[in-house]
Amino acid sequence: MSQTIQPQPGIMDIALYEAGSAHVAGVAEAVKLSSNENPFGPSPKARDAVIRAAHAMHRYPSTDHTALRQAIGKVHGLDPDRIICGVGSDEIIHFLCQAYAGPGTEVLFTEHGFLMYPISARAAGATPVTARERERTTDIDALIAAATPATRLIFVANPNNPTGTMVELAELERLARAVPQAILVIDAAYAEYAGDDYDGGAGLATDLPNVFMTRTFSKIYGLGGLRVGWGYGPREIIDVLNRIRGPFNLSSLALDGALAAMQDREHVERSRSENARLRAWLAAALAERGVPSDASHANFVLARFEGPETAGAADAALKAEGVIVRRVGGYGLPDCLRITIGDEASCRRVAHVLGRFMAERGTAAVGQRA
């Protein structure tokens with residue numbers, strides 16, 4: 001009997017990541033509000049740049065991403081030499097775990113944190129550790145209490161996905177100073193949606209030796225299909241990560257598209273202002289219909305229902321009308337639905353369907369009590 005070749009310990013403990021659904025059976029043109037994509041798409045300048053880059057697909061791309069790093073640095077006022085680019089911020093999260101975690105160490109994150117944190121931790125052989133949140137918001141004291149001498153990385157998404165909540169930068173600084181043996185990674189994928197006064201943690205990553213920030217082009221820039229992300233932090237950490245980064249990890253199309261997207265600030269501002277307007281409208285409309293949500297600082301709302309059964313029925317009602325949202329039971333929130341902020345027509349459609357659903361549930365509940 002032949003021996004079965006086994007993977008590294010921890011690999012088979014990884015649950016496969018499930019992306020947001022994109023199709024509904026029997027619906028030709030469903031409204032996809034399951035992956036937090038920009039409903040306005042990418043900048044036209046980014047599309048044009050990708051088309052131009054396609055003519056040189058036979059050439060290898062830049063290995064050091066200099067032009068893109070310089071553009072990012074100029075827009076955000078950061079040192080380009082302290083920036084690294086990756087295949088989405090997911091790859092940079094993976095780099096951090098590969099470089100700084102491993103067997104006998106721990107990776108800490110919040111209970112409703114991004115699913116890539118435990119996946120990347122286990123892939124590196126480290127032990128994932130969760131700290132409780134307080135009403136679906138990061139609890140800094142709980143993270144400090146959960147840290148041990150074995151903690152090497154602490155991931156905090158701010159704003160958080162899938163809750164949309166966030167904490168003040170002063171609280172993140174308190175965490176970094178309280179656990180100096182670990183790198184605090186501020187996952188700021190949704191930073192642009194939180195407002196101009198939020199730098200995503202860039203200031204902390206500039207000033208403190210154990211703070212690192214990750215960002216993405218997949219959300220407000222509308223480039224999810226190109227897979228481009230970036231990270232910023234101490235030069236010592238950047239040097240380590242570049243030693244394990246593949247030399248051609250980003251294609252020429254991705255680099256040129258991201259460069260043009262970063263420079264089109266008008267498109268970013270339009271996307272931000274429209275998201276803020278429609279996010280406030282949808283949250284209020286759902287609340288009026290008996291569906292509460294926490295104040296969101298991202299491009300989605302986390303709609304809460306009375307229990308998992310009601311959340312599932314609401315999801316089914318939306319799908320029946322061709323609207324796809326995200327079930328978040330895998331994040332420990334089985335009684336919630338994460339709803340991306342789409343364009344105005346999509347938001348009104350969601351409010352209409354859920355309003356009718358809640359009214360029917362209320363009528364049914366009254367009938368059952370009678």
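Most exposed first by the Cβ proxy, i.e. fewest other Cβ within 10 Å, how do LYS74, LYS32 rank?
Listing LYS74, LYS32 from fewest to most nearby Cβ atoms yields LYS74, LYS32.
Which residue fluctuates most in the GNM of the chain (Cα springs below 10 Å): MET213, MET57, MET116?
Greatest mean-square fluctuation among the candidates belongs to MET57.
Scan the chain and hand back the longest stretch that contains none of the GluC sites (Glu not before Pro) lying in DSSP loops with at most 13 other Cβ atoms within 10 Å.
It runs 169-305.
Explain nothing, just compute: Karplus ³J(HN,Hα) = 6.51 cos²θ - 1.76 cosθ + 1.60, θ = phi - 60°, for every residue of region 280-288 in order, whole Hz, x for Gly and Pro.
Along region 280-288, the couplings run 5, 5, 5, 4, 5, 5, 5, 4, 4 Hz.
Output the antiparallel fraction of DSSP beta bridges having both residues in the chain, as a percent to the nearest 5.
About 45 percent, rounded to the nearest 5.
Any lysines with Cα under 23 Å of the LYS319 Cα? List them, leaving off those in the same chain fewer than 8 positions away.
Cross-link targets: LYS32.
Would you mind ranking LYS319, LYS219 by Cβ crowding within 10 Å, fewest neighbours first?
LYS319, LYS219
Only Cα pairs under 8 Å and at least 6 apart count here; give the relative contact order of the chain as a rounded whole percent.
For the chain, the relative contact order is 23 percent.
222 nm [θ] for the chain, helices only, -39500 (n - 2.57) per DSSP H run of 4+, per residue, to 500?
When only DSSP H runs of four or more count, the value is -12500 deg cm²/dmol.
Rg and Dmax of the chain over Cα atoms: what are they, in angstrom?
Just the Cα atoms of the chain yield Rg and Dmax of 21.3, 73 Å.
For region 44-264, which semi-axes, largest first and in whole Å, follow from the square roots of 5 times the eigenvalues of its Cα gyration tensor?
29, 18, 15
Any chance you could check the Cα centroid distance between region 113-142 and region 341-362 for me, in angstrom?
Between the Cα centre of region 113-142 and that of region 341-362, the gap is 32 Å.
LYS45 versus ALA313, label points 7 Å from Cα toward the beta carbon: distance in nm?
Rounded to a tenth, the inter-label distance reads 5.0 nm.
Can you put PHE248, PHE357 in order, fewest other beta carbons within 10 Å first?
PHE248, PHE357
Would you kindly calculate the mean projected area, averaged across all directions, of the convex hull enclosing the Cα atoms of region 161-298, in square nanometres?
10.0
Please list, ordered by chain and number, the residues whose modelled amide H lies under 5 Å from the amide H of VAL31; skip anything fewer than 5 residues away on the same chain.
VAL323, ILE324
Suppose each label sits 7 Å from its Cα in the direction of the beta carbon; what would the ALA320-THR4 distance come out to in nanometres?
4.3
So what does log10 I(q)/I(0) come out to for region 138-192 at q = 0.12, 0.18, 0.22, 0.27 Å⁻¹, using the Debye formula with one equal point on every Cα and no solvent?
These q points yield log10 I(q)/I(0) values of -0.25, -0.56, -0.81, -1.14.
Taking every pair of Cα atoms in region 235-332, average 1/r, invert it to obtain the Kirkwood radius, and report Rg/Rh to two decimals.
Result: Rg/Rh = 1.14.
Each reported figure results from applying straightforward, stated rules to the coordinates on display, with no laboratory input. The structure displayed is predicted, hence computed values, not measured ones. Note: ideal-geometry Cβ built from the backbone for every residue, glycine included; neighbour counts use all protein chains shown.
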